[in-house]
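**Student:** Take a look at this one; I'll ask things after.
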Amino acid sequence: MKLVLMGSPGSGKGTLSKDLVPKYDFKYFSTGDMLREEVASGSGIGNKIKAVISAGDLVSDEMIIEMIKTKLDELPDDANVLFDGFPRTKEQAEWLDSYLSSRNQKIDAVIMLTADHDLLVKRLSGRRNCKECGRKYNTYFSPPPGNETCECGSRLNMRTDDSPETVSKRLAQYDDQSRNLISYYDSMGLVIRIDSEGSEEQVFKKVENELDRRYS
Ligand code: AMP
């Protein structure tokens, strides 16, 4: 099965992926993670990507396609793949369709996570993680014990693109950029909309039920 996971930043794509990967034995491709790895490597290209992400803009289709193609080329045709954050534009989706079709494959479904705007802002701008011990917090829903300080005593980290100004821009831009993409997949009857409010288990169960009902 080839599955695309869509949803605004903060809709819970990463969390859901963590549950879906073992259940369906997915190879997991998150372009956001791949880009952050490149940034962390401190390479020249990484520094350019950092500027784009921090500004809330999208990395070019060309670069994303080159990055994902390298990974896909390594997989057997029939591998189960979960795409998270990719495709992000209709152009990327068209490229993916033609790439898969050249390997006699196709996208089976697009899971679109939906959520209320205010909830998304809180989920994103409240996100904190500890680089020392890996603990995760949200200042609204699961606050750390001290002001910006982890239980282990280390100072908490916030993603540069989670600042309140960048969050608003990312959400608005996501709506703009994804409109064509959603119409594209809707016209193919592939989109399954899932309300992402509720616990991790509840959201996973809803997705699992839909996939099992349609594809088992
Ligand atoms: P994410 O973790 O998916 O929210 O991605 C973080 C940032 O990486 C996005 O705001 C974009 O700047 C960039 N990015 C991730 N995936 C893509 C993609 N498929 N196309 C263009 N830019 C992307």
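Each reported figure results from applying straightforward, stated rules to the coordinates on display, with no laboratory input. Treat the numbers as computed from the prediction; the structure is a model and nothing was measured. Methodologically, a virtual Cβ is constructed for each residue, glycine included, from the backbone with ideal geometry; neighbour enumeration extends over all protein chains shown.
**Student:** Between residue 66 and residue 154, what is the label-to-label distance in nm when each label sits 7 Å out along the Cα-to-Cβ direction?
**Tutor:** For the pair residue 66/residue 154, the computed spacing is 3.3 nm.
**Student:** With unit charges on the beta carbon (Lys/Arg positive, Asp/Glu negative), name the residue among 86, 52, 98 whose Cα is farthest towards the positive pole of the charge dipole of the stretch 38-98.
**Tutor:** Toward the positive end, the furthest listed residue is 52.
**Student:** Continuing with this model, one more query. Over the chain, what is the mean sequence separation of C-alpha contacts under 8 Å (at least six apart), divided by residue count, expressed as relative contact order in percent?
**Tutor:** Values: 278 pairs, mean separation 63.0, N = 216.
Dividing the mean separation by the residue count of the chain yields 29 percent.
**Student:** OK, next. Tell me the Kirkwood hydrodynamic radius of the stretch 1-88 in angstroms, computed as one over the mean inverse distance between distinct C-alpha pairs. Don't skip to the answer; put the middle values down first.
**Tutor:** Values: mean 1/r = 0.0722 Å⁻¹.
Answer for the stretch 1-88: a Kirkwood hydrodynamic radius of 13.8 Å.
**Student:** Sticking with this one: Give me the net charge for the shell around residue 67: Cβ to Cβ below 13 angstrom, other residues only, Lys and Arg +1, Asp and Glu -1.
**Tutor:** Working: positive: 36, 69, 71, 88; negative: 33, 37, 38, 61, 62, 66, 73, 74.
Spelling it out: positives minus negatives among the neighbours equals -4.
**Student:** Which value in deg cm²/dmol, rounded to the nearest 500, describes the helix-derived mean residue ellipticity at 222 nm for the chain, given -39,500 (n - 2.57) per DSSP H run of n ≥ 4 and division by the residue count? Walk me through the numbers before you get to the answer.
**Tutor:** Values: 8 runs with 107 residues, N = 216.
Dividing the helical sum by the residues of the chain leaves -16000 deg cm²/dmol.
**Student:** Using unit Cβ charges (K, R positive; D, E negative) and no other charged atoms, how large, in debye to the nearest 20, is the dipole of the stretch 144-216 about its Cα centre?
**Tutor:** Values: 10 positive and 15 negative charges, 44 e Å.
It works out to roughly 220 debye.
**Student:** Expressed as a fraction of 2.2 N^0.38 Å, the rule-of-thumb size for a compact globular protein of N residues, what is the C-alpha radius of gyration of the chain?
**Tutor:** Working: Rg = 17.5 Å, N = 216, 2.2 N^0.38 = 17.0 Å.
Here the answer is 1.03, to two decimals.
**Student:** Calculate the dipole size of the stretch 65-109 relative to its Cα centre from +1 charges on Lys and Arg beta carbons and -1 charges on Asp and Glu beta carbons; express the result in debye to the nearest 20.
**Tutor:** My answer is approximately 100 debye.
**Student:** Tell me, in nm to one decimal, what length is gained between residue 23 and residue 132 on full extension, where the rule is 0.36 nm per residue of separation less the Cα-Cα distance?
**Tutor:** Result for the pair: 36.3 nm of gain on full extension.
**Student:** With just the Cα atoms of the stretch 55-111, tell me how far they stretch along each of the three principal axes, in Å, largest first.
**Tutor:** Per principal axis, max minus min of the Cα coordinates gives 37, 24, 17 Å.
**Student:** Show me 105-112, 91-98 ranked by packing, highest mean number of other Cβ atoms within 10 Å first.
**Tutor:** Values: 105-112: 19.2, 91-98: 16.9.
Those peptides, ordered most packed to least, come out 105-112, 91-98.
**Student:** Can you compute the charge dipole magnitude of the chain about its Cα centre, using +1 on each Lys and Arg Cβ and -1 on each Asp and Glu Cβ, nothing else charged? Give it in debye, rounded to the nearest 20. Walk me through the numbers on the way to the answer.
**Tutor:** Details: 31 positive and 36 negative charges, 85 e Å.
Dipole size: approximately 400 debye.
**Student:** State whether the stretch 85-127 is rounded, prolate or oblate according to the following rule on the C-alpha gyration tensor (a ≥ b ≥ c being the square roots of its eigenvalues): a/c under 1.5 gives rounded; otherwise a/b larger than b/c gives prolate, and the remaining case gives oblate.
**Tutor:** Working: a/c = 3.95, a/b = 2.95, b/c = 1.34.
Cα axes put the stretch 85-127 in the prolate bin.
**Student:** What FRET efficiency do you get for residue 114 and residue 141 if R0 is 22 Å and r is their Cβ-Cβ distance, rounded to the nearest 0.05?
**Tutor:** Numbers: r = 18 Å, r/R0 = 0.84.
The computed FRET efficiency comes out at 0.75.
**Student:** Give the aspartates and glutamates reachable from residue 122 as a straight Cα distance under 15 Å; neighbours fewer than 8 places away on the same chain don't count.
**Tutor:** 161, 162, 165, 197
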